Structure formats: structure tokens, C-alpha cells
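Written out below as C-alpha cells is the structure these notes cover.
Throughout, read-outs are computed from the coordinates displayed, never taken from laboratory work. Note that the structure is a prediction, hence the values are computed from the model and not measured. Heads up, the Cβs are rebuilt from the backbone with ideal geometry, glycines too, and the neighbour counts pull from every protein chain shown.
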Amino acid sequence: MTSPVRRFRALVARDLRLALRHGADTLGAVLFFLLAGSLFPLALGPSPELLRRMAPGIVWVCALLAALLPLDRLFGAELEDGALDQLMLSGLPAPAIALAKMAAHWLTTGLPLLLAAGPLGLMLGMRLAVLPLLLAGLGLGTLVLSLIGGMAAAIVLGARRGGVLLPLLVLPLATPALIFGAAAVDSAQAGLNWRPDLLLLAAFLAGGLPLCPLAAGAGLRAAVE
Amino acid sequence: MDAIRTLDATDPAGSSGPDRSQRRRVGLLHRFANPGRFLRLAARLQPWTNALALVLTGWGLIWGLFFAPADWQQGDAVRIMYVHVPAAWLASAGYVALAVCSVLSLVWRHPLADLAAAEIGPVGAAVTAVCLASGSLWGKPMWGAWWVWDARLTSVLVLFFLYVGHIALLRAFDEPQRGYRAGAILALVGAIDLPIIKFSVQWWNTLHQPDSITLTGAPTMSTSMLWPLLISALGFSFGFAAIVLARLRAAVMEQRLRVLLLSRGNAAAGAPS
């Protein structure tokens, strides 16, 4: 009998291997992120002043939308081929299964987005000095998105048009993360104190970390019933 | 009596429900899980809620729109308040009711709570839309803008999206029971928005004014405006209750009809063989 921690790690590793072997699917979200971000200078005009002012918001909104893309398949493939039933029988509690999938989502989507956010921020004219702050906020923010997104993906499991529903459920819930994360960079660019915004974002993450897997677990149990 | 039993038999909560000893303990809660008993009580309540809603809303609105004084600063535009404030209060209260029904549904698998949550959703979304629209009409002459992105307005807009998401989620499943479960989980998660709406005017520096009426302090508003507002709010609340009650009765009857038609269809299909 393997320990629960071991099983949890095996589940994350399995998802990472799957993501690695379907490399194109994994890269799709990052490419979408860069592409959507580069649409803004085309639509708004290339004025550096305007772009620098809007850059934090653009990067955050694009990251939010890009993180939505892989959610549809987060549990969908497992539900269709019956692997989800096997997982639920594995002895791992449902919230732990959900947390493992959320961790895998962050490692395969959140982390690449973080890597791509630096170059995109620079292309939009952000100063190098505020870039670490953007990445710190986005690091917390992508974790929040993985938690909320994983929860929503578990809730819509088995719905007719889950892909259409997902943004409708995730985006309203993710607005606090977007507000605080973008406001932190905005404050830093304006020379104001950015700590409160980042701390509120961290508090939001601390609240979501136990609650989202619990709700997702309930969704998973309802889906395999 | 027959129809009631067929409804119970098709309901998973009824058939695989708690055993006898447990059933006695939650007796009070499940007293109105019996659709027949609920329908009889609701039919008796319905005329009263209807009448109270019409009389109180009419009284409050006529008083507020025609007889209450105009504001020294806002002029006649203040009269929008007699619609806006009751709608805003019901938007939050409706979501609280939705969350309570969701707890009843998730913890006790109460079959009526499922239906109630499904019927509260659209009504709540409608009053939230009325709240946003009337606030926007008031904002244009007062603030000079239809919409500002301050914390109170944004959080109510998020509440509207939560309602819409809940409605869409409930209807996205082929099996209604799955939709009820998913919707209940979502409604509880979304309840986090409620304290944000309540305290947004205190936590942030908003353009939206702070509360004039609080539970603890004296209202910072003239009684000549307070009375029509309270009567109108009470009338709106009864109106909300009346609509939800009527929708709930219709939903219970619809479920019965579906069960009857199904059993008749099954009987017809099974007869030749």
C-alpha cells in the first residue's frame, strides 16, 4: 500500500508526462498568451506611453484568458475514458485528486505563462525594475487561477457545453485576483506602495488553497456518481 | 395521492435517503420535502403574498414617487431610490436565499431546496439587473456618467454574472439532479461576493455613497423619505417571495406531470409485450 503522498506525487507526475508528450497542446496556451498580448499594440497604436500605462492590465487579462484554455480537458479526458473512476477508487480523497490536477495545471500552464510574461511585459514597454513585481504578482495570480479554474472544471464536468460555461464561471470569481495583481504593478509604476495589493492577493490565495480543492472534490464526486 | 408517491419514487433523495432513525431526527426539515404538503401550504400562502406585494409596493411607490419631498441636493432624481434600494437589497437577499437552499441541497439532499434554488436564480438575476439599470439611470444626472468602475458597482455586476452563471450551469446538464448539485456548489463558492458587496463602500473609497440605513445606528435620512422606502422595500420583498412561490409551485407540478407522462409512456410501450 503506497502512502497518500506518494500517490499524490504519482498523479502529478502522470499529468506532467502527459503534458510533455502532447507538447503542442501545452504550448498552445502560452502561444495564445503572446499572440493576444501583441494584438493590443496593433489595436491601440504603438504609443510607448499608452502601452506602458496599460501593460500590467494587458498582461494580466491575457494570462487570465490563456489559463482558461486547458481547463476544458483538465478532467474531461479522464471522465470520458473512465480513468476518473479509477482515480476515485485509488484511495486518494477527491479533494486531493483535484489538488493534484490543479498543481499539474499550474506547472504546465501557470509556470510557462510566467516565463512568457517577462518578454511580453518588456515588449509592451514596462520598465525592467517593475518586472520582478509583475512576476511575483502573476506567480500568486496563476496559482489562484489554477485553483479557481480547477474547481470550475470539476463543477462543469459532464455538462453539455462545458467549454462555453467555464469562462462564465471562472472569470467573475477571478476578478479579485485580477484587480489586486494589476493594481500592485500599477502602484509601483506610479511610485506608490504596492505591498497592500500583493498581500491581499496572497490572502486570496491562502483562502482559496483549502476551499477550492474541497469544492472541486464535491464536483468530482457528483460527476462519477 | 398517487402522483405524490410516483414523484417520491423517482427522486433519488427519497429512495436512497436516510434510514428510519435518521429520518425522524431531520423530521422538521423534511416535513416540507413532501411535495403534496408543500403544494397545499403554498396554495394557501400565495394569495396573501400576492396581495401584500401589490398593496405595499403600490403604497410605497405612490408615496415615494408623488408625495415624498424632493431632495435638497438631488432634486426629483432621488425618487429613483424607491426602486433602486429595494432591488439592491433583494439582489443580495436573493443570493443569500440561493446559498441557504444550496446548503440544504448539498447537506440534506432536500428535493424542494433544489427546485427552490433553480427558481430563485432567474428572479434574483432580474432584480440585480433592475438594480444596475436604475442605478445607471440615477448615475447619469448625479455623477455625469452611466457607469463608473467603483467597488460597489463592480461587485454588484459580479453578483449579476454569478446569477447568470448559476442559471446557465443548472441548464447545462441532461440529468437535472447533476445540474442541481453543480449549481449548489457554485452558489456556495459565489457567496464570497456577498460580504464584498456589503463592505465595499467601507473598505474602498467609492463614488457610491455609504449606507444611510444601518441596523445599529440611527438612519442618516429624513423620516419623510425613510417610510416610503421601507414600505416599498417590504412590498418588493413580498413580490419576490410571491414570484418565487408561484414558480416553485409550477416547477413541482411540472415535475409531477413529467413523471405521469413518463409512466404512461412506459406503460403504453410495455403493454404489447
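For peptide A:152-158, how many partner chain Cβ atoms fall within 10 Å of a residue's Cβ, on average?
5
Can you tell me the length gained on complete extension of the stretch residue B:171 to residue B:108, counting 0.36 nm per residue apart and subtracting the Cα distance?
Stretched fully, the residue B:171-residue B:108 segment lengthens by 20.5 nm.
Please compute the average number of Cβ atoms from other chains found within 10 Å of each residue's Cβ in peptide B:175-188.
That works out to 4 on average.
List the relative contact order of the stretch A:145-225 as a percent without decimals, with contacts defined as Cα pairs under 8 Å and 6+ residues apart.
46 percent
Contour minus end-to-end for residue A:89 and residue A:65, with contour as 0.36 nm per residue of separation and end-to-end as the Cα-Cα distance?
5.3 nm
Can you run phi through the Karplus equation (6.51, -1.76, 1.60; θ = phi - 60°) for the stretch B:258-267 and list ³J(HN,Hα) in whole Hz, with x for Gly and Pro?
Couplings: 4, 5, 4, 5, 4, 5, 5, x, 5, 5 Hz.
Measuring from label point to label point, each 7 Å out along Cα→Cβ, what is the residue A:39 to residue B:253 span in nm?
Placing both labels 7 Å along Cα→Cβ, they lie 4.8 nm apart.
Just from its helices, what would the mean residue ellipticity at 222 nm be for the protein assembly as shown, if runs of 4 or more DSSP H residues each count -39500 (n - 2.57) and the sum is divided by every residue, rounded to the nearest 500 deg cm²/dmol?
Only helices count here, giving -26500 deg cm²/dmol.
For the stretch B:40-112 and the stretch B:224-254, write down the distance between their C-alpha centroids in whole Å.
First find each Cα centre; the distance between them is then 5 Å.
Rounded, prolate or oblate, given the Cα gyration tensor of the stretch B:44-186, with a/c below 1.5 counting as rounded?
Because a/c hits 1.5 or more and a/b fails to exceed b/c, the stretch B:44-186 counts as oblate.
Give me the distance in nm between label points sitting 7 Å out from Cα along the Cα-to-Cβ direction at residue A:225 and residue B:207, one decimal.
With each label point 7 Å from Cα toward Cβ, the separation is 4.5 nm.
Going by amide H atoms built from the backbone, whose H comes under 5 Å of the H on residue B:172, apart from near neighbours?
Here the answer is none, since no amide H 5 or more places off falls under 5 Å of that of residue B:172.
Report the percentage of all Cα-Cα pairs in the protein assembly as shown whose separation exceeds 37 Å, rounded to a whole percent.
Of all Cα-Cα pairs in the protein assembly as shown, 40 percent lie more than 37 Å apart.
Taking a cut-off of 16 Å, what percent of all Cα-Cα pairs in the stretch B:137-191 are separated by more than that?
Every Cα pair in the stretch B:137-191 considered, those over 16 Å come to 54 percent.
Gap in Å between the Cα centre of the stretch A:135-191 and the Cα centre of the stretch A:1-24?
Between the Cα centre of the stretch A:1-24 and that of the stretch A:135-191, the gap is 24 Å.
Based on Cα coordinates alone, diagonalise the gyration tensor for the stretch A:4-224, multiply each eigenvalue by 5, take square roots, and list the semi-axes in whole Å, largest first.
32, 18, 15
At R0 = 51 Å, how high is the FRET efficiency between residue B:65 and residue A:129 if r is their beta carbon distance? Nearest 0.05 is fine.
Result of the calculation: an efficiency of 0.35.
To the nearest 10 degrees, how steeply does helix A:195-224 sit against the main Cα axis of chain A, on a 0 to 90 scale?
30 degrees
Want the number for residue B:246 to residue B:76: 0.36 nm per residue separation, take away the alpha-carbon distance, what's left?
In short, 57.7 nm is gained.
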